[in-house]
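We did not get these values from a lab; they are worked out from the coordinates using the rules stated. Remember, it's a predicted structure, so these values are computed and weren't measured experimentally. For neighbour counting, all protein chains shown are included, and Cβ atoms are generated from backbone atoms with ideal geometry for every residue, glycine included.
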Amino acid sequence: MNWLPPNGALRGIALDHLLGWNLSIVFWLFVAAQVILVAALIRRGRSGPGDVSRNSSGRNFFLHVLPLLAITGLYLWMLVSSHHLWAERSEMSAPARAISVEVTGVQFQWYFRYPGHDGIFGVTKPNLVSAPAGNPLGLDPGDPNAADDVVSSIMMLPAGRPVNITLRTQDVIHGFFVPGMRLKQDAIPGMIGHLEFTPETPGDYDILCSQVCGLGHYRMQARLRVVSPEQFQSWLTARENAR
Ligand SMILES: [Cu+2]
């Protein structure tokens, strides 16, 4: 899987391996289907025209039922193993330790909001949304919970801590895509999405939009910076005090 960008998330390598397994299984099933198809055509060609009485009723089990059962078992394994891994990745073993971030897609930018000291996201109102006035998410100044909210255009995260993402969009469908974290989910208008992962390796990662969301789609990019817990705390504190 060396065509994938370097992984920085917990269980990311396991996901890559599963992807590799699934792709190779599907590839060899495809090859086997083509071989069987060609072999059947050759056999039928040799038996001559009009000779359609040959059937395999006595060998039904080995020819039909057994391969069907084997393939069903294979697909069940793929289903169960991927669900198992997804549950492991999303598992919030220590919810109190998880850090909450709200991700909002806007044509053509990503915004990241941290709830601040109180741990509660303040109320936002669509009629207050104004990027030129410095309030791109429409934070309500009348709500005390909004007073310490931090809004950023870069996503800062501490390494080794689970992240609980709330995903929103202000206009059209956007796709929150972080290849380095093996993360991809659509933000749907009118819905709130949830996504969990744990960044492990400090560094910079690309955040893209995976849905063609308009003329500026190509430049809808942001940066995820994974730093040490101390660096993250000092960044967050500086942002909170700046408000
Ligand atoms: Cu977009």
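Odds and ends about this structure:
- Degrees, to the nearest 10: 229-242 long Cα axis against longest axis of the chain: 50 degrees
- Computed E for VAL172/LEU128 - FRET, C-beta separation, R0 30 angstrom, nearest 0.05: 0.90
- Based on C-alpha pairs under 8 angstrom that are at least 6 apart in sequence, the chain has a relative contact order of 21 percent.
- Report summary: the helix-based calculation at 222 nm, which adds -39500 (n - 2.57) for every DSSP H run with n ≥ 4 and divides by the residues of the chain, gives -11000 deg cm²/dmol.
- Helix 66-90 and the longest principal axis of the Cα set of the chain meet at an angle near 10°.
- When DSSP beta bridges are restricted to pairs lying wholly in region 88-243, around 70% turn out antiparallel.
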